[in-house]
Amino acid sequence: MDIARIQEALRREKLDAWLFFDHHQRDPLAYRVLGFQPIRHVTRRWYYLIPANGEPRGLVHRIESGMIDAVPGEKLQYSSWREQHAGLARLLKGSKRVAMQYSPECAVPYVAMVDAGTVELVRGMGVEVVTSAELVQEFEACLSGAQFASHIEAGKRIDPLCAGAFRFISDNLSNSVSEMVVRDWVRNQFKATGLVADDGPIVGVNANAGNPHYEPTPQTNRPIHPGDFVLLDMWAKLDQPDAVYYDITWTGFVGEPPERIREVFEIVRDARDKAIDVVIGAKAANREIRGYEVDDAARNYITSRGFGDRFVHRTGHSIGTEVHGSGANMDNLETHDERRILPGALFSVEPGIYLEDFGVRSEVNVFVKSDSAGTTGAVQRDLVKI
């Protein structure tokens, strides 16, 4: 935690303070921003306030009085609810406008960690509560050099595995290859190459590829034959602390793809490139760009080609130590994400068109520097011929 940087950001955003709150470890963002892990299970509420000026201070329950000792500042204590409310009032004294992990109308659910009752309690003390979404992405979702290096290394391992998965399908067409067989092959390759993932990958054949979050099960598992369309979506990170995910989607066809499938692929590919280009162009022009603008670039193109109603999710998501990170999403569909895309931001660009008999998604990762932006791994230009 860099208190001086946080306070500088608070003054820039015209905020009096950033108020952190947790109970039962419901807010992982608080621990990541503050830079510590609880010493034991959190069974009582704690508060920690970083003011725009002055020393931070906290409020803890007496039976867990050491819970936030890892962060600096005076710690008030309470036992009863009356003491809790009085202590919180003391903590907030002099603050009129504070940030919390709150999102108006839950527009950014990745930041909406504080319960409505706690927000009501703070507001009842005459304090305006605003979202910490911009602060969170600045201090939690912008990668360090080591984190970015871990992402690049993951990509160097995953890109060859993706190509290898298509070869595995080709080599086993006469050997009862199926979605689950390919999924298990990828999982085994992840393990063998020092990669981990909480779930996945997605292996979708024909109509199953038209389901954006499909994952094969024994009930839905489909064999792969000549004339089939195949979608592979895989994400993983190095098996080490603080590693960052690499997340890609490629598509292929067993044999010569029909013109209709080729056309849809090219529309998705070109929409992807338009979204990437708008980010690169903004950085080259030193222009501020926000998440919804990237979504617009891809979505407007797909809509102009007659498939707007078949692009049913946002264009991309923040990527971090969790595959869906807490930074700006490339979204003007599910939410209107007005958060700035900051230097150090990593995110996916993955437009898609989903039809009844197949679906195409093309996903790459984009990293933003202070004066440039670009993709971080292999970029699919044509359908893979399996």
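The values are calculated or read from the model by the stated rules, or taken from the named source; none is laboratory data. This is a predicted model, so every value here is computed, not measured. Methodologically, a virtual Cβ is constructed for each residue, glycine included, from the backbone with ideal geometry; neighbour enumeration extends over all protein chains shown. Just so you know, the surface numbers come from the protein's heavy atoms only, side chains and all, with ligands and any DNA or RNA stripped out. Shrake-Rupley method; radii C 1.70, N 1.55, O 1.52, S 1.80 Å.
Restricting attention to segment 122-144 and to residues that are open to solvent by 40 Å² or more (accessible area, probe 1.4 Å) and modelled with pLDDT of 95 or more, the residue that is nearest to L29 (Cα to Cα) turns out to be T131. Within segment 250-263, the presence of a residue that is of a type in the set (F, W, Y), within 20 Å of the chain's Cα centre (by Cα) and part of a loop (DSSP other than H, G, I, E, B) is excluded.
Every condition in (1) open to solvent by less than 40 Å² (accessible area, probe 1.4 Å); (2) touching a strand residue (DSSP E or B) at 6+ places or on another chain (Cβ under 7 Å); (3) under 16 Å from G344 (Cα atoms) is met by V264 except one, and the failing one is (3). For segment 74-120, filtered to residues that are touching a helix residue (DSSP H, G or I) at 6+ places or on another chain (Cβ under 6 Å) and among the hydroxyl-bearing types (S, T, Y), the residue that is farthest from A17 (Cα to Cα) is S79. Set side by side, the residues D331, D382, D295, D309 differ, and just one is out of contact with any helix residue (DSSP H, G or I) (no Cβ under 7 Å at 6 or more places or on another chain), open to solvent by less than 30 Å² (accessible area, probe 1.4 Å), more than 26 Å from G145 (Cβ to Cβ) and not β-branched (V, I, T), which is D295.
Of A107, A86, all but one fail to be out of contact with any Phe, Trp or Tyr (no Cβ under 9 Å at 6 or more places or on another chain), of a type outside the set (F, W, Y), farther than 24 Å from R11 by Cα and open to solvent by less than 70 Å² (accessible area, probe 1.4 Å); the exception is A107. For segment 39-78, filtering for residues that are open to solvent by 60 Å² or more (accessible area, probe 1.4 Å), in a loop (DSSP other than H, G, I, E, B), farther than 26 Å from A4 by Cα and not basic (K, R) leaves 1.
Name the single residue that is farthest from L232 (Cα to Cα) among those in segment 153-162 being open to solvent by 10 Å² or more (accessible area, probe 1.4 Å) and in contact with a strand residue (DSSP E or B) (Cβ under 8 Å, 6 or more places away or on another chain). Spell out the reasoning first.
We begin by selecting, within segment 153-162, every residue open to solvent by 10 Å² or more (accessible area, probe 1.4 Å); these are 153, 156-157, 159-161.
Now narrow it down to the ones that are in contact with a strand residue (DSSP E or B) (Cβ under 8 Å, 6 or more places away or on another chain): 153, 157, 159, 161.
Details: E153: 20, R157: 16, D159: 12, L161: 11 Å.
The qualifying residue farthest from L232 (Cα to Cα) is E153.
Beta carbons closer than 7 Å, at least 6 apart along the sequence or on distinct chains, pair a first residue in segment 185-214 that is without any contact (Cβ under 8 Å) to a residue 40 or more places away in the chain with a second that is aromatic (F, W, Y) and open to solvent by 30 Å² or more (accessible area, probe 1.4 Å) for W185/F168.
Tell me, please, whether a residue that is touching a residue at least 40 places away in the same chain (Cβ under 8 Å) and out of contact with any Gly (no Cβ under 7 Å at 6 or more places or on another chain) can be found in segment 53-64. So far as segment 53-64 goes, yes, one or more of its residues are touching a residue at least 40 places away in the same chain (Cβ under 8 Å) and out of contact with any Gly (no Cβ under 7 Å at 6 or more places or on another chain).
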